[in-house]
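Input: a single structure, listed below in structure tokens.
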Amino acid sequence: MFQSPGDILISIGGFPIYYYGITMAFACIIGVSASYFLFKKFNPDKNFSALWDISAYVIVAGLIGARLYYCLLNPVYYSANPIEILNFRQGGLSIHGGLIAGILTLIILSKKKGLPILSVLDSFACGTALGQAIGRWGNFFNSEAYGYPTDLPWKLFIPASHRYPEFFNFKYYHPTFLYESILNFCIFIVLCFVMKKFANTHPGITLCIYLILYSAVRIFVEHFRIDSALDLYGVHIAQIISLIIILFALTLIIILTKKANICKGNRP
């Protein structure tokens with residue numbers, strides 16, 4: 001059984017330090033470090049030190065994108081409480097918004113720095129998967145993003161103050177944060193092998209595999225979650241967006257593969 005120790009790690013002078021913030025900071029540091037290491041390994045002749053400069057902007061853009069996307073999916077609350085949009089410290093981030101903002105920022109800054117865009121995206125895809133595996137534990141500390149009631153041995157206790165009214169009489173729920181954390185770590189391992197095989201011959205493929213695998217994981221995990229921000233005809237918006245991303249990534253794989261084969265065929 002899992003049970004959160006609470007959302008506040010310590011208070012200093014009446015100012016609370018949240019587990020969520022600490023977890024996200026640690027996830028960003030580890031994720032960026034992994035991205036840097038992988039890019040350096042497969043692109044030793046490139047200016048890999050520039051990735052540290054880029055990563056700072058990517059993290060900020062990702063957080064802003066994730067927050068704005070989350071707020072857009074909860075229009076009733078945030079239209080009535082607009083100042084709460086700026087309240088990052090108490091959670092409320094959507095990975096899809098973060099991915100869109102992060103990828104766009106990486107493309108723009110990589111081009112500006114003269115770095116190979118697809119190789120940078122591949123490296124950050126791996127780092128993102130690892131960062132997500134760590135970052136999901138922030139949901140654990142906040143007692144949020146949990147699933148339907150369950151009595152499984154790995155059940156998660158949710159305090160009454162964080163339960164949904166329709167499930168108030170239930171104490172234990174699916175720890176969906178744990179499901180996604182474990183699966184994201186598995187994705188990271190798979191991506192490391194994919195990058196080893198395709199980094200130099202088919203740049204961009206690792207990113208596509210990440211988008212497909214994470215989207216599949218999200219579709220699976222959403223079946224257990226009861227806190228979807230928005231549903232369309234009974235289907236979670238996260239599942240719909242994930243399906244669109246899968247189709248996009250599959251199309252991109254076809255394009256990149258054809259491009260790589262053409263380039264290979266033109267070699268003397």
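The values are calculated or read from the model by the stated rules, or taken from the named source; none is laboratory data. Being a predicted model, the structure only gives us computed values, none of them experimental. Using ideal geometry, Cβ is built from the backbone for each residue, glycine included, and neighbour counts are taken over all protein chains shown. The accessibility values were calculated without ligands, DNA or RNA, using every heavy atom of the protein model including side chains. Shrake-Rupley method; radii C 1.70, N 1.55, O 1.52, S 1.80 Å.
For the chain, calculate the relative contact order in percent as a whole number, restricting contacts to Cα pairs under 8 Å that are 6 or more residues apart.
21 percent
The 1.4 Å probe gives accessible areas that order 46, 171, largest first, as 171, 46. Just the protein heavy atoms count here, and of the accessible area of the chain at 1.4 Å, carbon and sulfur take up 70 percent. Assign one of three labels to the stretch 53-161, namely rounded, prolate or oblate, based on the Cα gyration tensor with a ≥ b ≥ c the square roots of its eigenvalues; rounded applies when a/c is under 1.5, prolate when it is not and a/b is larger than b/c, and oblate otherwise. Oblate, since a/c reaches 1.5 and b/c is not below a/b.
I'd like to check one number: the per residue accessible area of the chain, probe 1.4 Å, reported in Å² as a whole number. All intermediate terms of the calculation are to be shown ahead of the outcome.
Values: 14160 Å² over 268 residues.
Ligands and nucleic acids excluded, the figure is 53 Å² per residue.
A simple spin-label model places pseudo-atoms 7 Å from Cα toward Cβ; at residue 40 and residue 166 they are separated by 5.0 nm.
Near residue 147, the amide H atoms lying under 5 Å from its own belong to 174, 176; only residues 5 or more places off or on other chains count, and H is placed 1.01 Å from N. The residues 201, 176, sorted by heavy-atom accessible surface at 1.4 Å with ligands and nucleic acids left out, run 201, 176 from largest to smallest.
Which value, in Å³ per residue, describes the convex hull spanned by the Cα atoms of the chain?
Working: hull volume 38.9 nm³, N = 268.
Once divided by residue count, the hull of the chain is 145 Å³.
Seen against the Cα atoms of the chain and their longest principal axis, helix 176-198 is set at about 0 degrees. Compute the FRET efficiency between residue 150 and residue 259 as 1/(1 + (r/R0)^6), taking r as their Cβ-Cβ distance and R0 = 45 Å, and round to the nearest 0.05. The value I calculate is 0.45.
Axis angle, to the nearest 10 degrees, between helix 95-113 and the longest C-alpha principal axis of the chain: 30 degrees.
Take every pair of alpha-carbon atoms less than 8 Å apart whose residues are at least six positions apart; their mean separation over the length of the stretch 1-145 yields a relative contact order of 40 percent.
Of the residues 53, 45, 122, 227, the one with the largest accessible area comes first in the ranking 45, 53, 227, 122, computed with a 1.4 Å probe on protein heavy atoms.
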